[in-house]
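The values are calculated or read from the model by the stated rules, or taken from the named source; none is laboratory data. This is a predicted model, so every value here is computed, not measured. Ideal geometry is used to build each Cβ from the backbone, glycine not excepted, and the neighbour counts take in all protein chains shown. Calculation scope for accessible area: heavy atoms of the full protein, side chains included, ligands and nucleic acids excluded. Shrake-Rupley method; radii C 1.70, N 1.55, O 1.52, S 1.80 Å.
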Amino acid sequence: PDRGETHLAAVWVYYHCYFDYQRARSELELARNALPNEPEVFALAGYMDRRQGHWKIHIQNLERAAQVDPRNIEILHGLAQGYELLRQFQNMGMVLDRILAITPADPLMRVLSASVAFEWKADTGPLHKTITDIVARDPDAGASFALEWLNLGLYERNPVEIKSGLARIPQEGITSVTVRLSRPFYEGLAARALKDS
């Protein structure tokens with residue numbers, strides 16, 4: 001009962017399964033006392049902060065987690081998402097660059113990095129080029145960024161890109177941030193964009 005790992009596991013259960021933030025934070029303090037340099041302690045605090053709308057401290061906690069574990073892709077990705085939600089696209093791009101320095105060939109991270117230009121300046125050019133380059137080298141890689149590919153098609157109102165992205169979305173759908181939407185949802189979205197009643 002005194003092990004920090006046990007309390008850290010309890011944080012996940014109370015936060016992620018029951019949305020009981022008060023109990024999760026109580027467990028988090030116990031975990032923090034036992035594991036003062038555990039990056040997951042800071043990351044979990046940051047994720048709860050984000051979910052509760054405490055944006056500044058969310059970023060601080062995830063930056064601290066990334067300082068403790070600078071090569072943790074999951075933590076860095078969560079930090080990039082936080083900056084995206086705050087519309088701090090320059091910071092988002094810098095964090096994605098940190099990820100690409102660790103995993104330069106990761107197709108999803110390459111696509112997310114290229115999407116910064118769209119998010120920030122409504123420029124689909126880098127995103128389109130990156131997707132085209134990746135798929136030209138590895139046609140199967142598109143499955144890792146199917147939603148981004150579909151979104152590119154929707155942004156550009158490009159039926160070929162819409163169909164290409166949609167073809168790679170699995171039947172069970174895709175989880176975007178925390179919500180899983182099924183393939184029929186995306187099919188309906190694509191049909192609506194293509195004016196196919």
Inset, instruction - Would you mind checking the tilt of helix 107-121 against the longest principal axis of the Cα atoms of the chain, expressed as 0 to 90 degrees and rounded to 10? - result: 80
Inset, instruction - Report Rg/Rh for region 108-197, rounded to two decimals, where Rg is the Cα radius of gyration and Rh the Kirkwood radius. - result: 0.95
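Give me Rg over Rh for region 43-117, both radii from the alpha carbons and Rh done the Kirkwood way, two decimal places.
On the way: Rg = 11.6 Å, Rh = 12.1 Å.
Taking Rh as the inverse mean 1/r over Cα pairs, Rg/Rh reads 0.96.
Roughly to the nearest percent, how much of the accessible area of the chain is carbon and sulfur, given a 1.4 Å probe?
Ligands and nucleic acids excluded, carbon and sulfur reach 52 percent.
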Inset, instruction - Determine the relative contact order of region 144-197: mean sequence separation of Cα pairs under 8 Å and six or more apart, normalised by residue count, in whole percent. - result: 29
Legend entry - Length added when fully stretched, A143-V160, from 0.36 nm per residue minus Cα-Cα: 4.5 nm
Inset, instruction - Report, in degrees rounded to the nearest 10, the 0 to 90 angle that the Cα long axis of helix 55-68 makes with the longest principal axis of the chain. - result: 80
Inset, instruction - Using only Cα atoms, locate the centre of region 102-141 and the centre of region 2-74, then give the distance between them in Å, rounded to an integer. - result: 30
Inset, instruction - Show the residues, 5+ positions off or on another chain, whose built amide H is closer than 5 Å to the amide H of D123. - result: F118
Inset, instruction - Hey, can you grab everything whose amide H is under 5 Å from the amide H of I174? Only 5+ residues off in sequence or another chain; H modelled, so Pro and N-termini drop out. - result: L181
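Compute the convex hull volume of the Cα atoms of the chain, divide it by the residue count, and report the result per residue in Å³ as a whole number.
Spelled out: Cα convex hull of the chain, divided by residues, is 134 Å³.
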Inset, instruction - Before rounding to the nearest 500, sum -39500 (n - 2.57) across all DSSP H runs of length at least 4 in the chain and divide by the residue total; then give [θ] at 222 nm in deg cm²/dmol. - result: -21500 deg cm²/dmol
Legend entry - Linear extension gain, W120 paired with A34, 0.36 nm per residue minus alpha-carbon span: 26.9 nm
Legend entry - Where GluC sites (Glu not before Pro) fall in DSSP loop in region 161-197, at most 16 other Cβ within 10 Å: E172
Inset, instruction - May I ask you to list the trypsin sites (Lys or Arg not before Pro) in region 76-162 that are in a DSSP loop and have at most 16 other Cβ atoms within 10 Å of their Cβ? - result: R87, R157
Inset, instruction - Might you tell me the accessible area per residue for region 46-137, computed with a 1.4 Å probe and given in Å²? - result: 50
Legend entry - Low-density loop cleavage sites - trypsin sites (Lys or Arg not before Pro) in region 1-63, where at most 12 other Cβ are within 10 Å (DSSP): R3
Legend entry - Rounded FRET efficiency, nearest 0.05, which uses the C-beta distance separating R3 from R71 and R0 of 30 Å: 0.75
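On average over all directions, what projected area in square nanometres does region 2-70 have, based on the convex hull of its Cα atoms?
Numbers: hull surface 16.1 nm².
Quarter of the Cα hull surface area: 4.0 nm².
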Inset, instruction - Pairs of Cα atoms under 8 Å, at least six residues apart: use those to get the relative contact order of region 1-157, whole percent. - result: 12
Legend entry - Efficiency of FRET from Cβ geometry, W12 and A193, R₀ 45 Å, rounded to 0.05: 0.75
Legend entry - Spin-label proximity, S176 to region 100-136 - amide N less than 19 Å from point 7 Å beyond Cα toward beta carbon: 108-125, 127-128, 131
Legend entry - Cα pair distances exceeding 18 angstrom across region 89-142, given as percent: 30
